[in-house]
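Peer 1: For reference, the structure I am asking about is given below.
The values are calculated or read from the model by the stated rules, or taken from the named source; none is laboratory data. Just so it is clear, the model here is predicted, and its values are computed rather than measured. Cβ atoms come from the backbone with ideal geometry, glycine included; neighbour counts cover every protein chain shown.
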Amino acid sequence: MSIRLILVDDHAVVRSGLRMLLENEDDIVIIGEAGTAQEAVDIVMQAGPDLVVLDIGLPDLSGIEAARKLKQIDPEIAIVALTIHEDQEYFFKMLEAGAMGYVPKRAAPDELLTAIRTAARGEVYLYPSLATLLVDDYLRQDKESRRAREMNGLTEREGEVLVHLAEGATNAEIGELLEISPKTVARHRENIMRKLNLHSRTELVKYAIRKGIIEP
């Protein structure tokens, strides 16, 4: 069964190049082109394509807003973002907007074809370097979540003091870093030791390492 798609990019020369690439594929049929988000919306409402190859930089709406709008019209439509942007901000926002694929314009033609076919099956395709961003972000959030769970009822400030104490900083150094007095640091330290049932800095350091709060 053929994949019916539309091409959305404000540069006619880009659309022409994409058409030349995709028209050679037996399982892909191009049913329309658009240079703006509104044109894309009109085509989707009239023709009901299976998939949209969508540039992020459109003149009337951002590709992110365009993706949201297209998904509101047809929640089942697959969207593959084709863009010059490879930073995290655009990448994550497009995924949140409902894109099933994200391919930089510098990618090889085969990468785009793979993304289109993968998204058309209802699966997510991520360009390798961008997939790494996603994994790194997950690991970072997981580490932060684990750290929060291991604070055992400590306040945010006590958690900050705990990290600095475990790293070997003195009360005076911590006070300077956090812009509080050494006496306030000492009070936080007492609360930390009491809440965690610790009795020495050595125990505190061991606790922080064991719980993954600091690296050994």
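Peer 1: Scan the stretch 38-52 for residues that are free of Cβ contacts under 8 Å to residues at least 60 places away in the same chain and out of contact with any Gly (no Cβ under 8 Å at 6 or more places or on another chain) and jot them down. Steps first, please.
Peer 2: We begin by selecting, within the stretch 38-52, every residue free of Cβ contacts under 8 Å to residues at least 60 places away in the same chain; these are 38-49, 52.
Passing the criteria: Gln38, Glu39, Ala40, Val41, Asp42, Val44, Met45, Gln46, Gly48, Val52.
Peer 1: Also: Which of the residues that make up the stretch 158-176 are farther than 20 Å from Glu215 by Cα and either in contact with a helix residue (DSSP H, G or I) (Cβ under 7 Å, 6 or more places away or on another chain) or in a loop (DSSP other than H, G, I, E, B) (or both)?
Peer 2: Asn171, Ala172, Gly175
Peer 1: Residues of the stretch 183-197 being at pLDDT below 90 and more than 16 Å from Thr155 (Cβ to Cβ), which ones?
Peer 2: Result: Asn197, single match.
Peer 1: Could you check how many residues of the stretch 177-210 are acidic (Asp, Glu) and in a loop (DSSP other than H, G, I, E, B)? It would help to see each step written out before you state the result.
Peer 2: Here is the first cut: in the stretch 177-210, the residues acidic (Asp, Glu) are 179, 190, 203.
From what is left, the residues that are in a loop (DSSP other than H, G, I, E, B) are 179.
Within the stretch 177-210, residues that are acidic (Asp, Glu) and in a loop (DSSP other than H, G, I, E, B) number 1.
Peer 1: While we're here: Which one of these does Val8 not meet: (1) over 18 Å from Ala119 (Cα atoms); (2) of a type outside the set (Asp, Glu); (3) crowded, with 19+ Cβ neighbours inside 10 Å?
Peer 2: Only one criterion is unmet by Val8, namely (1).
Peer 1: For the stretch 137-173, enumerate the residues that are of a type in the set (D, E, K, R), surrounded by fewer than 12 Cβ atoms within 10 Å (Cβ to Cβ) and at pLDDT 60 or above. Spell out how you get there, then give the answer.
Peer 2: First, pick out the residues of the stretch 137-173 that are of a type in the set (D, E, K, R): 137, 140, 142-144, 146-147, 149-150, 156-158, 160, 167, 173.
Applying the additional criterion that residues be surrounded by fewer than 12 Cβ atoms within 10 Å (Cβ to Cβ) yields 140, 142, 144, 149, 156.
Hits for the stretch 137-173 are Arg140, Glu156.
Peer 1: Could you go through the stretch 29-44 and let me know if any residue there is closer than 17 Å to Thr114 by Cα and over 29 Å from the mean Cα position of the chain (by Cα).
Peer 2: Within the stretch 29-44, the first condition is being closer than 17 Å to Thr114 by Cα, and the residues that meet it are 29-30.
Checking the rest, the ones that are also over 29 Å from the mean Cα position of the chain (by Cα) come to 29-30.
Yes, the stretch 29-44 contains at least one residue that is closer than 17 Å to Thr114 by Cα and over 29 Å from the mean Cα position of the chain (by Cα).
Peer 1: Which of the helices (runs of 4 or more DSSP H) contained wholly in the stretch 1-104 include at least 3 residues that are modelled with pLDDT under 85 and on the phi < 0 side of the Ramachandran plot? Walk me through it before giving the result.
Peer 2: On the way: elements: 12-22, 37-47, 63-73, 88-97.
In the stretch 1-104, the matching helices (runs of 4 or more DSSP H) lie at 88-97.
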